[in-house]
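The values are calculated or read from the model by the stated rules, or taken from the named source; none is laboratory data. Quantities reported herein were computed from a predicted structural model and do not represent experimental measurements. Every residue, glycine as well, gets a Cβ built from its backbone with ideal geometry; the counts of neighbours run over all protein chains shown.
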Amino acid sequence: MSFWIGVGAFVLVALALLLLPWWRQRSAPAGRPWEALGVLGALPALTVGLYIYLGAPGILEEQALSQAQTRYDAEGIVRALEDKLKKNPNDAEGWYALGRAYIAFERAAEAEEALRKAATQAPKDARILAQLAEAIALGSGSLQGRPLELVTEALAINPDEEKALELAGLAAYQEEKWAEALHYWRRLLRKLPKDNDLHDAVSQAVGIAERQLAEKLGGTGMAGMPEAQERKKSPSPH
Amino acid sequence: MIPELGHVALILALQLALLQGFFGLLGASRANLSWMAAARGAATGQLLFVLLGYLALVWAFLANDFSVMNVAEHSSRLLPMQYRFTAAWGSHEGSFLLWTLMMAAWTVALAFLGRRMPAELRARAIGVLGLLSFCFLAYALFTSNPFMRLHPPPMDGGDLNPLLQDPGMILHPPLLYMGYVGFAVTFAFAVAALVAGRPDAAWARWVRPWALAGWVFLTLGIMIGSWWAYYELGWGGWWFWDPSENASLMPWLAGTALLHSLIVTEKRRSLQVWTVFLAVAVFALTLLGAFLVRSGVLSSVHAFALDPLRGLFILVFLGVVVGASLILFALRAKAVMAPGAFAPVSRESALLTGNVLLLTALGAVMLGTLYPLLLDAFDLGKISVGPPYFNSVFVPLMAPALILLGIAPFLRWGAADLGKALHDLRWQALAALLIGALAPLAFGAWRWQAALGLALAAWMILATASALRARRRASGALPLSAWGMGSAHVGLAIGIIGMGLVSAYESETTAALHKGEKAALGPYEFVFQGTAEAPASNYSAMRGTVQVFRDGREVVTLMPEKRIYLKSKMTMTEAAIRYGAFGDIYVALGEPLPGGKWSVQFYLKPFVGWLWVGALLMALGGLLAAAGLRRQRMEREETT
């Protein structure tokens, strides 16, 4: 709507620039305003017509509708969030969102700081504790130590917290504690929607862990081992 | 939303341009004052809306709005802010829009600065410019629309061509376009004069400032382009006879001829037809240049065939402009001819001869530029016409023109005594010959390029100085226009010294060097101190360090770079140059070689800077001449 108001304003300015000098200079036999009237009618009509032919009149609605636009403009959102939190630093939810955005941009240190602030505001929020664990692990490169403590804490508050389950399973997987990894991840899989990237990745990792567990328990041959070894290098379900 | 509003602004500008043409031309022929006023209003509106459209495009670049295809193709998130701003004219679409914007700006300047002009002449010129703007805007909207959208938008753009990420390239296109547009104004005046039948002395007086302004901008634009090629392309060439360079040289040559012919028309009421013809020709040549550079024929005539609309549009536009002007010319040339006769030996005929020589040189350049394209277009084989052709044709044609340049001020208007002029100049000629013969010896070896350049330059400087002195003795103080002529002619001479000496005495060597190893060239010794990483936001670079010694004393430390741009993977050589009044030291980093060596190129470019200083003086000369015209007009208005 505001776009068409803008177009209207443009057309009015154009007509004013054209017709005002004309009006001021009108000579004695000014009895034929036909040209002026013609321009008055044709200019708006042609402008709209040409724009609909050449332009992208639908794009504004599409942009407003599609989430894609906002996702691509994530940098802008991060900046907006930062500004908002400067004014209102007690907003745990805001710090949490900013922390997740930083993680998406792989800015681990900033993510950790933001999530720490979120955790100070809401120390009993399992989501925030798990996310903080991930941020610390991203920075240090390991889930052991403080991240694992936070994950355990989060699961104590909410045993079904998805991020906490994911990280707890991953930590166990990295330590080759297959049964423990399967415990967390199977619980996670029950919570995740089926057609989802994370679901696919976790179920793939679950498959590997199951095979590893079977080998360890049964001690059967080395079949499937190289593949499993190779996968182990990148076990993250992301 | 802003790009869409920009699009609407251009659509409005298109219609206003058409109305500007309609009201300007019909208003003038019916002497309808309100229509002529409406044409000026339309011109103002056209400028406003082209500007809004242009600003919308700039905004899209600054805001990284990759939903605009033009931004997605010519910018990226990594691109530094200042280049995001200039990327707006780095693309075909954007640069055409800039051209259109400048045309609108010049039109409004004409509408407001030309208040004292005869109303019909001004309205006709505004009308012609309106029709030209209409064609430009139609071209932009229908074949080169900068506001095409992408949905959904890509995450990031493809980055700006690294060659354009440079201050020289930021200035070059706007200056050239300012020049082109200045000559669009003279074209509009020429058509107006043909329609009304009065390209008289008063007409020439109105046109001259615009022609001078266009010529000054074009001179500066070509100069910056040449300097950019010198430092950016990595081997210190300053003119390549490349078709895209020739595209701007051809209008410059014709524009130079026009400036001189306008003088004759103003002072002697003669050569009107020739002047009007030149005004048409200069503008047609700018369009030819636009066709060559913008249609894609240069990269390959077949690239043109792939997307023929753009090229075809300009070609048809060119055909209409030239065809309509020539028809008008044929119908009206008799009527505009005036009896301003002059003798075979006179200043008029000297200026005319100079004009003809300039146009002949132009023809030679045009032949060398278009011939390979035509052969290729008709599948008659591929040839390339290079510097040997251009140098061997251009230099012999220009040399007599430069000799004439010294004599012309000593010839009187109407009829002159050539023998007396030559007698007056005998010592200058002898001095020039001696300088040409002897001065090259000071450089260690006698070379003809140096001898020719120095002799011509000495002749031009001495003769110009004598002409100015004689004029001062005759009429007291020198008017600004005389200083302008002096500055332009001396500037040309200085440029020629640069050309002659650098082509005669430039030297180069390439060496494969380890860290700490040395190379020698001329009196200089270069010590390579290895390379180091020098990263930036959108490229990574290796920066070499080269110490330059002369007679054991360190002269300067140069740091040439080799850059790889992250997005486009293009490699760029960033030469390091020590500019000097008597020559430049130029070092470029080549390739890394096996075993940790680097190939490094060293060049000595004696007097090369004189080229650009000369061009600057020429532009200054144009400015002084324009200022002189303005002062004359003020004085005339005070007395009447």
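Structure above, values below:
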item	result
Selection count where residues are within 14 Å of another protein chain (Cβ to nearest Cβ) and either at pLDDT 90 or above or surrounded by fewer than 20 Cβ atoms within 10 Å (Cβ to Cβ) (or both), scope segment B:147-189	8
Evaluation of B:Val385 against (1) more than 23 Å from the chain's Cα centre (by Cα); (2) in a loop (DSSP other than H, G, I, E, B); (3) over 24 Å from B:Ala467 (Cα atoms) (one fails), failing number	(1)
Any helices (runs of 4 or more DSSP H) falling wholly within segment B:81-172 and containing at least 3 residues that are under 30 Å from B:Ala202 (Cβ atoms), within 26 Å of the chain's Cα centre (by Cα) and not assigned by TED's automatic domain parsing to the domain that holds B:Trp35	none
Residue in segment A:49-59 that is facing chain B (nearest Cβ under 8 Å), modelled with pLDDT of 85 or more, assigned to a helix (DSSP H, G or I) and touching a Leu at 6+ places or on another chain (Cβ under 9 Å) present	yes
Every residue from segment A:100-110 that is within 27 Å of A:Glu175 (Cβ to Cβ) and either at pLDDT 90 or above or of a type in the set (D, E, K, R) (or both)	A:Arg100, A:Glu106
Residues of segment B:1-14 satisfying the condition of being surrounded by fewer than 24 Cβ atoms within 10 Å (Cβ to Cβ) and either on the phi > 0 side of the Ramachandran plot or free of Cβ contacts under 8 Å to residues at least 12 places away in the same chain (or both)	B:Met1
Matching residues, segment B:89-121, being without any contact (Cβ under 8 Å) to a residue 60 or more places away in the chain and basic (Lys, Arg)	B:Arg115
Among the candidates B:Gly41, B:Gly45, residue that is crowded, with 24+ Cβ neighbours inside 10 Å, at the interface with chain A (Cβ under 10 Å from one of its Cβ atoms) and within 29 Å of the chain's Cα centre (by Cα)	B:Gly45
Scope segment B:355-381; condition without any contact (Cβ under 8 Å) to a residue 40 or more places away in the chain and not hydrophobic (A, V, I, L, M, F, W, C); matching residues	B:Thr360, B:Gly363, B:Tyr371, B:Pro372, B:Asp379, B:Gly381
The one condition in (1) over 27 Å from A:Val39 (Cα atoms); (2) more than 10 Å from chain A (Cβ to nearest Cβ); (3) out of contact with any Leu (no Cβ under 8 Å at 6 or more places or on another chain) that B:Asn70 fails to fulfil	(3)
Residue in segment A:160-173 that is at pLDDT below 90 and surrounded by fewer than 16 Cβ atoms within 10 Å (Cβ to Cβ) present	yes
So A:Lys177, is it of a type in the set (D, E, K, R), modelled with pLDDT under 85 and not assigned by TED's automatic domain parsing to the domain that holds A:Ala80	no
Any chance A:Arg24 is at pLDDT 75 or above, surrounded by fewer than 18 Cβ atoms within 10 Å (Cβ to Cβ) and facing chain B (nearest Cβ under 10 Å)	yes
Single unsatisfied condition, B:Ala463 versus (1) in contact with a Gly (Cβ under 6 Å, 6 or more places away or on another chain); (2) not assigned by TED's automatic domain parsing to the domain that holds B:Leu492	(2)
Qualifying positions in segment B:575-596 - buried (at least 20 other Cβ atoms within 10 Å of the Cβ) and not hydrophobic (A, V, I, L, M, F, W, C)	B:Gly583, B:Asp584, B:Tyr586
